[in-house]
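Report on the following structure.
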Amino acid sequence: MSNPPHRPSLEVPLSRQDAEYRARLLGAVADPVRLRLMSIVLTHPGGEVSRGQLAAEADGAQTTISHHLRQLCEAGLLLRERRQSFTYYRPTHHALAELATLLGIEVPEHTSTAQPAGGGRSSMDLAGAVVHRQLEHIAAQLADRFAGVFSPETVGRYVDESYEMLASRSRIRRFLPSLTASFAADRLTALAKASGKTSGSGIEVLFVCVRNAGRSQMAAGLLHQLAGDRILVRSAGSFPVAAVDPTVIAAMDEVGVFLGGTYPKPLSDEVVRAADVVITMGCGDACPVYPGKRYLDWPIDDPEGRSPAAVRRIRDEIELQVRGLLKELL
């Protein structure tokens, strides 16, 4: 008989906001079709699945599957990306953690050092081989994307380095390949501008705080919402944590800014070099200083551990600062 599922214990009752948040997620996966779709995406070795594959594996019509996938995206559990004539879905970085908490399942560990019977390869060896193949695949895709700008060797080095930077802080290793692809692409884009390899003339703004889980994410989300494609916005942390603060995500959702698909990113040299304006929020002198850039420091309270009302006040204060900045830049 299999062991019963792990049931996470609560030291204190859920707050009203936490209960409402978890109820929304439970509603999103309460339908058996949506729950099966989530299980397919979460367990897929490639980290993402096309809509056609999902329809085939879930034995459903394309229109029905699209309806359920849209609801999962609106709940912040899946991300949708259109590439050429295909649409791909991948889990948000916090989806597994949220579902594990809600459904009482264990997050699988991929770093066990137990040696299998018969002298076979350990699970650590196998996991390492899988990651190696995934990173090679990511590097090949990005090498095509940056062909003529960077050599495949440079792209591969940035992919490997980006993986290590994220892996050193991540609690959930299953989605590191997809996060690595996004992070490495962003770093290479910044490096191309900083090195004069691209002719892009748009304004770039970088928000930096300590954890990249609250203030800088809020500021970046607000500026992107207000400026659209007129300004390229990035955020990073001097000591980033594993996930964006759920209270921050909820507060931003109230003003129409979705942060469910974002993740804390380490501060890297090339994104500072590419930025025209660097705005720090409580990270001290961790951000390198380059000539010719505008540096600002916004003395804004850290929302971590604050009540929802306090987080809303911080959000509104940041919005005032962002609107002022946008008026100056444009």
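Comparing Cα centroids, the stretch 276-321 and the stretch 178-235 end up 15 angstrom apart. Counting pairwise Cα distances across the stretch 135-285, what percent come out greater than 25 angstrom? Of all Cα-Cα distances in the stretch 135-285, 28 percent exceed 25 Å. Of the two radii for the stretch 200-330, the radius of gyration is 0.93 times the Kirkwood radius, both from the alpha carbons; that is the Rg over Rh value.
3J(HN,Hα) along the stretch 184-197, derived from phi through the Karplus expression 6.51 cos²θ - 1.76 cosθ + 1.60 where θ = phi - 60°, amounts to 5, 4, 5, 5, 5, 4, 5, 4, 4, 5, 4, 8, x, 8 Hz, with x in place of Gly and Pro.
Per residue, the stretch 150-297 exposes an accessible area of 39 Å² to a 1.4 Å probe, with every protein chain left in place. Heavy-atom surface analysis with a 1.4 Å probe gives the stretch 249-330 a carbon and sulfur content of 50 percent of its accessible area.
The values are calculated or read from the model by the stated rules, or taken from the named source; none is laboratory data. From a predicted model like this one, the values you see are computed outputs, not experimental measurements. Each accessible area value is taken on the protein alone, full model and side chains, heavy atoms only, with ligands, DNA and RNA left out. Shrake-Rupley method; radii C 1.70, N 1.55, O 1.52, S 1.80 Å.
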